[in-house]
Amino acid sequence: MSNQFCTQCGERLEPAARFCTACGTAVARATATKASRQPAKMRRPIPWLPLILVIGGGLITLGLLLYQANPPSVVDVPDEHNDSGLPYPDVPRISVAETRERFENGTAVIVDVRSAQEHAEAHIPDALSIPLSELQARYQELPRDAEIITYCT
């Protein structure tokens with residue numbers, strides 16, 4: 001039979017004792033053993049929800065930091081004209097025939113950068129309407145895998 005000890009003072013108890021002879025504490029039915037004199041290390045459950053929230057928040061924060069470190073670039077183009085009045089003379093231009101061919105092949109998207117009112121009056125069929133004043137805020141609507149052809153007249 002294993003030795004029994006008082007849960008209050010830790011003294012050794014007689015096998016049939018009802019009280020501790022050292023301190024007088026009543027002995028419970030299931031008497032304590034020497035191992036139980038030391039406080040048991042209880043295993044605490046892992047708080048899953050807070051852990052998931054902390055990890056998720058960390059990943060979102062990391063994503064935002066990476067996005068801020070490498071934001072999409074938007075270039076502010078000055079309004080320039082050449083001697084004949086052609087706006088933005090350094091901007092590459094393509095013919096109407098080339099535009100149509102690329103659009104019909106599905107390799108290009110046509111974007112009308114005029115105002116919504118001008119677009120409503122007349123526009124190229126299936127052209128996207130993104131007014132120039134909204135382009136910086138809405139550029140994400142444009143596909144990344146196609147050539148973007150803009151027009152304004």
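The values are calculated or read from the model by the stated rules, or taken from the named source; none is laboratory data. Quick caveat, the model's predicted, so the values are computed rather than measured. Here the Cβ positions follow ideal geometry from the backbone for every residue, glycine too, while neighbour counts run over all protein chains shown.
Going through the range 67-118 one residue at a time, which ones are closer than 15 Å to Leu135 by Cβ and outside the structural domain of Ala137 (by TED's automatic domain parsing)?
We begin by selecting, within the range 67-118, every residue closer than 15 Å to Leu135 by Cβ; these are 72-77, 79, 88, 91, 109-116, 118.
If the condition is that a residue be closer than 15 Å to Leu135 by Cβ and outside the structural domain of Ala137 (by TED's automatic domain parsing), then Pro72, Ser73, Val74, Val75, Asp76, Val77, Asp79, Tyr88, Val91 are the ones that fit.
Return the residue satisfying two criteria in turn: it lies in the range 109-140 and is acidic (Asp, Glu) and within 34 Å of the chain's Cα centre (by Cα), and of such residues it is farthest from Asp79 (Cα to Cα).
Applying the filter and picking the extreme gives Asp126.
Quick grid of which residues meet (1) surrounded by 10 or more Cβ atoms within 10 Å (Cβ to Cβ); (2) out of contact with any strand residue (DSSP E or B) (no Cβ under 7 Å at 6 or more places or on another chain); (3) small (Gly, Ala, Ser):
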| site | (1), (2), (3) |
| --- | --- |
| Leu49 | no, yes, no |
| Ala69 | no, yes, yes |
| Ser84 | no, yes, yes |
| Pro92 | no, yes, no |
| Glu101 | yes, yes, no |
| Leu128 | yes, no, no |
| Arg138 | yes, yes, no |
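Does the range 92-104 contain at least one residue that is modelled with pLDDT under 85 and out of contact with any helix residue (DSSP H, G or I) (no Cβ under 6 Å at 6 or more places or on another chain)?
Start the filter on the range 92-104 by keeping residues that are modelled with pLDDT under 85, which leaves 92.
With out of contact with any helix residue (DSSP H, G or I) (no Cβ under 6 Å at 6 or more places or on another chain) added as a condition, the list becomes 92.
The answer is yes, given that some residue of the range 92-104 is modelled with pLDDT under 85 and out of contact with any helix residue (DSSP H, G or I) (no Cβ under 6 Å at 6 or more places or on another chain).
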